[in-house]
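The values are calculated or read from the model by the stated rules, or taken from the named source; none is laboratory data. As the structure is a prediction and not an experimental result, all values here were calculated from the model. Here the Cβ positions follow ideal geometry from the backbone for every residue, glycine too, while neighbour counts run over all protein chains shown. Keep in mind that these areas ignore ligands, DNA and RNA; they rest on the heavy atoms of the full protein, side chains included. Shrake-Rupley method; radii C 1.70, N 1.55, O 1.52, S 1.80 Å.
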Amino acid sequence: MTRRSVPGPGTRAGPEVYEGVVQDLIDELGTLPGVGPKGAQRIAFYLLAADPADVSRLVTALTEVMERVKFCRTCGNVAEADECRICRDPRRDPAVLCVVEEPKDVAAVEKIREFRGRYHVLGGAISPIDGIGPDELRIKELMTRLADGTVTELILATDPNLEGEATATYLARLIKPLGLRVTRPASGLQVGGELEYADEVTLGRAFEGRRLLDV
Ligand SMILES: [Zn+2]
């Protein structure tokens, strides 16, 4: 599970103290976000002691997600077909588009069960330090979607941190000539945080009290 962009020994979870395959498993687990060397070791030994049927289900889930999940050609969300189920759903309001950074943010907004519009997933946020500029995000695709005039309100629900704010401001300026209603979820979300960690009530209130973004 070495991330393709971060190859090399730097991804190892710690000194090699176990034999072959066990150490390989610990190394792979150690590359996952939020799993340190100790966590990797704990998960590895949990798996070794677990019911083989449970481990098989995990393996199957991993294989299937690799084989079957793609990204929606319209919004960029994860999907099992060319379009995700939200884009295919005719009951969703095509006039309101919620722009988020990642597919996990779609899941976070869906949890509040109040938003009935559609989404656009940027694939990240503008971050010069990480070499991510507007061209690395799905902004061209967003502009194409806005071109036919169906969308009348754009909710910029990027994360309430530095990169998210910068991205929202950039988009608001870019979109201004189109004359859309451009809003941003109200403050109350933890500043510096990420959308996915906001609880449903807070996120629901932030959406309800969204303010016009004037740039
Ligand atoms: Zn979609």
Leading residue by the ranking (nearest to L58 (Cα to Cα)) among those in region 29-40 that are part of a helix (DSSP H, G or I) and open to solvent by less than 60 Å² (accessible area, probe 1.4 Å): L29
Matching residues, region 41-61, being part of a helix (DSSP H, G or I) and among the aliphatic types (A, V, I, L, M): I43, A44, L47, L48, A49, A53, V55, L58, V59, A61
Residues of region 170-189 that turn out to be more than 15 Å from D105 (Cα to Cα) and modelled with pLDDT under 85, as a count: 3
Test set (1) at positive phi; (2) within 14 Å of the chain's Cα centre (by Cα); (3) of a type in the set (K, R) - R113 fails condition number: (2)
Selection from region 194-215 of residues that are basic (K, R) and part of a loop (DSSP other than H, G, I, E, B): R210
Residue pairs meeting the criteria (Cβ under 7 Å; at least 6 apart or on separate chains; first farther than 14 Å from E165 by Cβ, in region 114-133; second aromatic (F, W, Y)): E114/F207; F115/F207
Scan of region 77-88 for residues that are touching a residue at least 24 places away in the same chain (Cβ under 8 Å) and open to solvent by 10 Å² or more (accessible area, probe 1.4 Å), ordered by number: N77, V78, C87
Pairs where the first residue, in region 197-215, is farther than 21 Å from A172 by Cβ and acidic (D, E) and the second is open to solvent by less than 50 Å² (accessible area, probe 1.4 Å) and part of a helix (DSSP H, G or I), C-beta under 9 Å, 6+ apart: E200/A108
Among residues of region 62-72, those that are open to solvent by 60 Å² or more (accessible area, probe 1.4 Å), within 13 Å of the ligand (Cβ to nearest atom) and farther than 21 Å from I132 by Cα, counted: 1
